[in-house]
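Just so you know, all these numbers are worked out from the coordinates, no wet-lab data involved. Note that the coordinates shown come from a computational prediction; the quantities given were computed from them, not determined experimentally. For neighbour counting, all protein chains shown are included, and Cβ atoms are generated from backbone atoms with ideal geometry for every residue, glycine included.
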Amino acid sequence: MMAGLTRRWAIACLAMIPALAAGLAQSAASSITVTKDPNCGCCGNWVDHLKAEGFAVEVTETAAVNRVKARLGVPSDLASCHTAEVGGYVVEGHVPAAAIRRLLAEKPQARGLAVPGMPVGSPGMEVPGASPDVYDVVLFGDFGRRVFARFEGARELRG
């Protein structure tokens, strides 16, 4: 009796391994490391946006953010005020969480996503009473770059 119970328990445990591995992979993919200047308020607001959208966020503060951008291969014309790493990708600037989730789901051959500059209304750059800008989220890599998504504030524009 005990051997049968142990065997069933072992089989049940083995059957759960793929589900546990998938859960760990998803957890790792939704864990994002943000490097930001300690004096930047909008970067902190973007981190709050990510947390509100369910990402586990680890923040590193340094005045040498440009060194991180250079190490990760962020083109200077796509640079913004903070840089993040998630699921093997670079995320530069005020990229909405929806675009990051899509990146992680589609897994394109790319270095990462960027929102150059600091568009008004993008996550972390909300200005009370100001209309949000329409802006592009750029996918970049060895192939060059292309528009990955277009947003107005935090709302994706389709079609």
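Some values worked out for this structure:
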item: Complete set of residues in region 36-46 that are in a helix (DSSP H, G or I) and surrounded by 21 or more Cβ atoms within 10 Å (Cβ to Cβ); result: 43, 46
item: Number of the condition not met by residue 140 [criteria: (1) assigned to a strand (DSSP E or B); (2) in contact with a Phe, Trp or Tyr (Cβ under 6 Å, 6 or more places away or on another chain)]; result: (2)
item: Qualifying positions in region 73-107 - assigned to a helix (DSSP H, G or I) and under 14 Å from the mean Cα position of the chain (by Cα); result: 97, 98, 99, 100, 101, 102, 103, 104, 105, 106
item: Checking residue 147 against (1) of a type outside the set (Phe, Trp, Tyr); (2) surrounded by 12 or more Cβ atoms within 10 Å (Cβ to Cβ); (3) touching a strand residue (DSSP E or B) at 6+ places or on another chain (Cβ under 6 Å); (4) not in a loop (DSSP other than H, G, I, E, B), the condition it does not meet; result: (2)
